[in-house]
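The values are calculated or read from the model by the stated rules, or taken from the named source; none is laboratory data. This structure is a prediction, so every number in the text was calculated from the model and none was measured. A quick note on method: Cβ atoms are made from the backbone with ideal geometry, for glycine too, and the neighbour counts reach across all protein chains shown. With ligands, DNA and RNA removed, areas are computed over all heavy atoms of the protein, side chains included. Shrake-Rupley method; radii C 1.70, N 1.55, O 1.52, S 1.80 Å.
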Amino acid sequence: MSPLVQGLITVIVGVGGCVGYFFLSNLILDKVIFPPKPGDKGRNINRATMVRPWLFLFPALFALTLYLVYPVIGSFWRSLHNRANTEFIGFDNYTTMFADSGFQTAFINNFMWILVVPAGATFLGLLVAQLTDRLSWGNIAKSLIFMPMAISFVGASLIWRFVYANNPDIGIINAVRDFFGLMPVDVLQLPFWNNFFLMVILIWIQTGFAMVILSAALRGIPEETVEAAIIDGANPLQVFFKIKVPQIMGTIVVVWTTITILVLKVFDIVYAMTGGNFETEILPSYMMNFMFRDDGRATAVAFVIMIIVLPVMIWNIRQARKEMR
């Protein structure tokens, strides 16, 4: 069967199944479970009305349970077993993991990524959004800055490998060092600092995303507030930081948290640039080391990553609800 035919059948079955489900479920609800009875004063109708929203929610709830809740519970249960999944060992995988110096290094590195990358990308995106809006060729500049978003993480890593190359004829950093008479250095092997050189890659990629979202938010600011501030004697910096930024703080928070969640899942850049060597290990790459030889340990790391992501997501949801009030 050709892929085209398979796609058509999938669409027909999927759409037809949804229509059939909602039609039959409403029919059963109205005619079988709560049929209208004379003299009930609409009591059954009210009951059906209370149940009906859950009929519409059931497919989504079922999918979330099947593809999200069940894997989370299953992963946690798997992390409580030994390597071969034949013996229940409790929290031994977690105690061994937390005592491992490799995990500690990965955890600290991940924490640094969370602090630096969202802040750097959001700040640069906001700065670029403000500056390019004042330029006649601002749209061209925005297109060039957004372009890295179209590159895969691995592709971006390969580009930056040339930038960081320890050959002065190729690497920009070592070309500058050679100009001042300094010896070439492999920046990816510098302890501690090599992590920041890797973070630059993700900041370079995500600045375009932050710029687009924040530029739209800046254009949505009422001109009256800006004009009033100028009339009151505010300088450009005061207008920007005291008038514009507070009005788009909700958008800044959304951009910040979105990039934070992405940082917690990043793997490609570290794997392509250093393979986790030279003390650049992060939690996803640390998990990858055990994925094919110790499922219990790998799922324990995955569960830790999920726990770290949860507060960020909960806080983001609360902020979104505040904005809707």
Subject >> Which of Val116, Ala165, Thr251, positive extreme of dipole for the chain (C-beta unit charges) >> reply: Thr251
Original post:
³J(HN,Hα) across the range 76-85 via Karplus (A = 6.51, B = -1.76, C = 1.60, θ = phi - 60°), whole Hz, x for Gly/Pro?
Top reply: 4, 5, 5, 5, 8, 10, 6, 4, 8, 6
Original post:
By how many nm would the segment from Ala63 to Val200 lengthen if fully extended, with 0.36 nm per residue of separation less the alpha-carbon distance?
Top reply: 45.6 nm
Original post:
Any idea of the accessible area per residue across the range 3-79, 1.4 Å probe, to the nearest Å²?
Top reply: 79
**OP:** Roll a 1.4 Å probe over the protein chains and send me the accessible area per residue for the range 100-324 in Å².
**Re:** 54
Original post:
Which whole-Hz couplings ³J(HN,Hα) result when phi for each residue of the range 255-266 is put into the Karplus expression 6.51 cos²θ - 1.76 cosθ + 1.60, θ = phi - 60°, listed in order with x for Gly and Pro?
Top reply: 4, 4, 5, 4, 5, 4, 5, 4, 4, 5, 9, 5
**OP:** Order these peptides, 5-11, 226-232, by their mean beta-carbon neighbour count within 10 angstrom, highest first.
**Re:** 226-232, 5-11
Original post:
Can you list the residues, at least 5 places off or on another chain, whose amide H is less than 5 Å from the amide H of His81, using H built in the peptide plane?
Top reply: Ile89
Subject >> Among Lys242, Lys142, Lys31: highest mean-square fluctuation, GNM of the chain, C-alpha pairs under 10 Å >> reply: Lys31
**OP:** Indicate the gyration tensor shape class of the chain (rounded, prolate or oblate), computed on the Cα atoms with a ≥ b ≥ c the square roots of the eigenvalues: a/c under 1.5 is rounded; otherwise a/b larger than b/c is prolate and the rest oblate.
**Re:** oblate
Original post:
Counting alpha carbon pairs within less than 8 Å and at least 6 residues apart, what relative contact order, in whole percent, applies to the chain?
Top reply: 23
Original post:
From the square roots a ≥ b ≥ c of the eigenvalues of the alpha-carbon gyration tensor of the range 3-79, which class results: rounded (a/c under 1.5), prolate (a/b over b/c), or oblate?
Top reply: oblate
Original post:
Taking only Cα atoms, what is the 0 to 90° angle, nearest 10, from helix 101-132's long axis to the longest principal axis of the chain?
Top reply: 90
Original post:
Taking all protein chains as present, what is the carbon and sulfur share of the accessible area of the range 100-324, in % to the nearest whole number, probe 1.4 Å?
Top reply: 68
Original post:
Using a simple charge model, +1 on the beta-carbon of Lys and Arg, -1 on the beta-carbon of Asp and Glu, nothing else, what dipole does the chain show about its Cα centre, in debye to the nearest 20?
Top reply: 1400
Original post:
Where does the chain land at 222 nm, in deg cm²/dmol rounded to the nearest 500, when only DSSP H runs of n ≥ 4 count, each adding -39500 (n - 2.57), divided by all residues?
Top reply: -22500 deg cm²/dmol
**OP:** Sort the following peptides by mean Cβ neighbour count (other Cβ atoms within 10 Å, averaged over residues), highest first: 284-291, 233-240.
**Re:** 284-291, 233-240
Original post:
Using θ = phi - 60° and the Karplus curve 6.51 cos²θ - 1.76 cosθ + 1.60, what whole-Hz ³J(HN,Hα) does each residue of the range 58-72 get, with Gly and Pro shown as x?
Top reply: 4, x, 5, 5, 5, 5, 4, 5, 6, 9, 10, 5, 4, x, 5
Subject >> About the Cα centre, charge dipole magnitude for the range 3-79 (Lys/Arg +1, Asp/Glu -1 at Cβ), debye >> reply: 300
**OP:** Please sort 171-179, 211-219 by packing, taking for each peptide the average over its residues of neighbouring beta carbons within 10 angstrom, highest first.
**Re:** 211-219, 171-179
